[in-house]
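See structure below.
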């Protein structure tokens, strides 16, 4: 099932980029990010209540709270930068650079989570990096 959700995530991320590029025309990037964020918050809490998982909020550890908050701050910073980049540049150039997050994530997972960094991972990172360079130049 993880593969299905990962593919759906990619499809929705692609739609996000296209819809955002169209929607941001004539709108400040910070305001556009705020509007998007409100929609995401409503949708996320809607899913929590729809699935009746709101009671689990009391079971979250301090460590989890800390890292979820830090993750939220990183997400906010990413979205603010992403929308500003979309406002200033072409989606066909901004999106590939944004997807370098795949390479950065693999490196950070190796350093901080001690996940295995295989030859296959290394080759994939090189290819993603080269592909990004080719697409934006």
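If residue 81 satisfies all but one of (1) within 22 Å of residue 135 (Cα to Cα); (2) in the same structural domain as residue 136 (by TED's automatic domain parsing), what's the number of the condition it fails?
Only one criterion in (1) within 22 Å of residue 135 (Cα to Cα); (2) in the same structural domain as residue 136 (by TED's automatic domain parsing) is unmet by residue 81, namely (2).
From the list 26, 46, 89, which one is on the phi > 0 side of the Ramachandran plot and either modelled with pLDDT under 95 or surrounded by 10 or more Cβ atoms within 10 Å (Cβ to Cβ) (or both)?
The conditions single out 26.
For segment 27-63, enumerate the residues that are within 30 Å of residue 85 (Cβ to Cβ) and either in contact with a strand residue (DSSP E or B) (Cβ under 9 Å, 6 or more places away or on another chain) or part of a loop (DSSP other than H, G, I, E, B) (or both).
Selection gives 27, 28.
Out of 73, 50, 66, I need the residue that is within 21 Å of residue 33 (Cβ to Cβ) and in the same structural domain as residue 34 (by TED's automatic domain parsing). Which one?
Only one candidate passes the filter, namely 73.
Looking at residue 115 and the list (1) under 23 Å from residue 38 (Cα atoms); (2) free of Cβ contacts under 8 Å to residues at least 12 places away in the same chain; (3) touching a helix residue (DSSP H, G or I) at 6+ places or on another chain (Cβ under 8 Å), which single condition is not satisfied?
Failing condition for residue 115: (1).
The values are calculated or read from the model by the stated rules, or taken from the named source; none is laboratory data. Predicted model only: the values in this text are computed from it and were never measured. Virtual Cβ from ideal backbone geometry, glycine too; neighbours counted across all protein chains shown.
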